[in-house]
Amino acid sequence: MPFKTSQQFILFVCLILACSNACARDRLPQSRSTVPADVGWTTDPAAAGSGTANGGIKNFSATAATIRSTVSNLTFEIPNYPFTPRADRLVDCQLKTETLSLRTDDKGPFKDYAEFQARGLAKIPTLVRSYGVKGLSDVRIVLPEAYAKRLDEGQVIGKDPGTGKDSQRVAPADLPQLIDEMPDPRYFKRILISDNGNPEDDWVTQSYFSKGFVSATAMIDGELFLYKSNLTDYLRRDLMHEWGHELRYKYWNDPVRDLFHDAVQVETQWNPRQYAARGDSEQWAVLGEKLLGTSANDFVEACDRAPIRTTLWMMTLTKCLNNVPKPLWTVDQSKYAARAKYVEKKVRGKALDSVVAMQRVEKDPARLDSLNRLAKGL
Ligand SMILES: [Zn+2]
């Protein structure tokens with residue numbers, strides 16, 4: 001669908017990367033103090049929502065439609081739960097003062113990210129409310145106390161930057177359910193709910209887009225930021241995208257990182273979404289939306305169209321799931337494990353066949369090196 005306004009371009013930002021060059025390999029995650037934002041956009045929030053008829057992919061492929069009839073949706077479909085507030089899961093409420101980053105009135109332009117940080121951002125001591133989450137001892141949900149009081153008084157309605165429609169803002173009690181749905185619910189160490197826009201949006205606008213950048217989520221060092229986020233049918237997908245980045249960083253020193261880079265070089269016929277072309281990290285995170293999304297069709301299409309990348313991703317997911325204590329497993333973790341097992345049994349061989357077929361005809365030495373490494377590593 002075409003964009004109606006420039007504000008519909010952008011829904012999430014992944015701040016954890018330093019790389020802004022779509023062709024370059026990304027670097028180790030660094031401190032936010034030195035890292036400019038890495039940016040992203042969705043094609044259309046309605047079409048890209050999990051569980052939609054076309055799986056969020058424009059021109060849904062005939063291949064996937066064929067496969068749909070051969071793989072049981074009942075097996076791979078993941079429940080799309082209605083949002084259920086769980087105030088009973090919010091524990092250990094604390095009031096404290098924290099320094100939050102806010103945008104100054106300085107319109108810029110700024111010569112670089114450091115100057116934007118110095119002139120464009122202000123660190124404001126803010127009274128915040130902080131909750132623990134019952135069952136997840138390391139997770140805190142934090143929001144300005146003034147905003148928390150507004151949410152206490154009833155639903156807060158706000159315009160969603162993606163749909164342009166008024167809908168209900170995310171409140172702390174909405175989050176335990178979403179956290180539980182992540183394969184390892186302990187990856188988000190802290191979730192900040194903000195009633196302001198992302199203060200870094202203007203830097204992204206200046207450095208990447210001419211106007212209208214609006215972000216809804218961002219992630220850095222295990223902290224998830226929700227900016228004016230609403231309870232939409234793509235909220236789970238956006239959180240899963242950010243969770244996927246964190247998964248990659250958890251396995252930064254695993255051979256899978258280089259192998260995935262090799263896979264991106266040689267498996268080029270299909271991208272899960274245009275934004276994935278920005279680089280290895282977004283390839284990884286966007287593919288994760290499909291592999292962990294509620295739609296079985298999305299999952300099957302990724303298996304079919306990107307068997308090498310999918311195999312590597314799900315090998316990593318298996319390692320992750322093996323570290324999740326059983327008391328934290330819900331039906332979702334079981335579904336993810338079933339998908340991972342399917343990939344191991346049905347997709348890995350196809351990925352190897354694809355590598356071998358490409359090895360036979362590849363003339364470019366660098367790509368051949370990638371294929372040789374994949375043949376050993378898959
Ligand atoms: Zn991302």
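Every number in this text was worked out from the coordinates using simple rules, so none of it is lab data. Remember, it's a predicted structure, so these values are computed and weren't measured experimentally. Here the Cβ positions follow ideal geometry from the backbone for every residue, glycine too, while neighbour counts run over all protein chains shown.
I'd like the distance between the alpha-carbon centres of the range 305-378 and the range 243-294, rounded to an integer number of Å.
When both Cα centres are located, 11 Å separates them.
Using a simple spin-label model with points 7 Å from Cα along the Cα→Cβ vector, what separation in nm is obtained for Val91 and Asp166?
3.8
Based on the mean of other beta carbon atoms within 10 Å per residue, what is the order of 116-128, 191-203, 164-176, most packed first? Working shown, then result.
Numbers: 116-128: 15.8, 191-203: 21.3, 164-176: 18.5.
Ranked by mean Cβ neighbours within 10 Å, highest first: 191-203, 164-176, 116-128.
Over the range 155-292, what portion of Cα pair distances is larger than 23 Å, expressed as a whole percent?
Tail of the P(r) past 23 Å holds 39 percent of the pairs.
Mind scanning Lys341/Lys376; Lys96/Lys159; Lys319/Lys345; Lys123/Lys149; Lys228/Lys326; Lys165/Lys250 and naming the pairs with a C-alpha gap bigger than 25 Å? Display every interim value, and only then the final one.
Values: Lys341/Lys376 20 Å; Lys96/Lys159 29 Å; Lys319/Lys345 16 Å; Lys123/Lys149 22 Å; Lys228/Lys326 34 Å; Lys165/Lys250 36 Å.
Distance filter (> 25 Å) returns Lys96/Lys159; Lys228/Lys326; Lys165/Lys250.
How big is the shadow of the Cα convex hull of the range 265-378, averaged over all directions, in nm²?
It is 7.4 nm².
Using the per-residue mean of other Cβ atoms lying within 10 Å as a proxy for protection, in what order, highest first, do the peptides 105-111, 179-185, 359-365 fall?
By packing density, highest mean first, the sequence is 179-185, 105-111, 359-365.
I'm checking a number: the convex hull volume of the Cα atoms of the range 90-188, normalised per residue, in Å³. What is it?
On the way: hull volume 16.1 nm³, N = 99.
Roughly 162 Å³ of hull volume per residue.
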